[in-house]
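Below is one structure, written out as C-alpha cells; the observations come after it.
Read-outs throughout are calculated quantities, based only on the coordinates presented, and are distinct from any laboratory measurement. Source: prediction; values computed, not measured. Every residue, glycine among them, receives a Cβ derived from its backbone with ideal geometry; neighbour counts consider all protein chains shown.
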Amino acid sequence: MQAINAFEIQSFFPKDSLIITNIENKDHQIIIKMKSKSSSCECPACHTTSNHYHGTYVRKVQDLPILGKRVLLEITSHEYCCDNEECEAVTIAETYHGFLNSYSRKTERLEDFICILALETSCEGASRICK
C-alpha cells in the first residue's frame, strides 16, 4: 500500500473560528473560501459582547503563498450590532485574533513576513520580492 504524504490545510487556519468550504487551484493563485463559525463578537469600542446578528459580507484577504502561488482567502464574515446604546459603534466587524484584524487586507502572518523580509534585505528589495 502506498503512503500518502498530504497535510490537512485546515490546520493552518484558526479552527475555532473559520472553516474551509472550498479550494480553487488556478494557474497563478489558490483561492480558499472560508466561512465564519462565530455566533457573537466583541465591540472594539466598548468591549461589550454582542450576539445581535446584522448580516454577512465577503472579505478578500491575501495570505502567505503556497508552492509559489498567490493565496487569496475569501472569508464570509458576520457583522453584529453593538447592544450597548451608549456606544458610538453601530455595526461590528469580526476580528480573528492573531490571524486577521478588522479591516486588514493581509493576514497577520503575511504582514510579519513582509516586515522581516524588509528588515533582512531592504525595503526596495522586499518590494521587488513581494511582487
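Worth a mention:
- Rounded to the nearest whole Hz, the Karplus-based 3J(HN,Hα) values (6.51 cos²θ - 1.76 cosθ + 1.60, θ = phi - 60°) of region 108-124 follow the sequence 4, 5, 5, 4, 4, 4, 5, 5, 5, 4, 5, 6, 7, 9, 7, 5, 5, with x at glycine and proline.
- Shape category assigned to the chain from the gyration tensor of Cα positions, a/c cut at 1.5: oblate
- Gyration tensor verdict on region 78-131 (Cα atoms; rounded if a/c is under 1.5, prolate if a/b is larger than b/c, oblate otherwise): prolate
- Point-charge dipole on Cβ atoms (K/R +1, D/E -1) for region 64-112, about Cα centre, debye to 20: 660
- Distant-in-sequence amide contacts of residue 71, defined by a placed amide H-H separation under 5 Å and a gap of 5 or more residues or a different chain, comprise 30, 63, 66.
- Dipole orientation for the chain: of the candidates 64, 84, 95, 64 has the Cα lying most toward the positive pole (charges on Cβ; Lys, Arg +1; Asp, Glu -1).
- Cα centroid separation, region 8-34 to region 53-109 (Å): 15
- Each Lys and Arg adds +1 at its Cβ and each Asp and Glu adds -1 at its Cβ; summed about the Cα centre, the chain shows a dipole of about 760 debye.
- Extension gain, residue 115 back to residue 89 (0.36 nm per residue minus Cα-Cα distance, nm): 6.2 nm
- Spin-label pair residue 23-residue 48: with each label point 7 Å from Cα along the Cα-Cβ axis, the two points sit 4.2 nm from one another.
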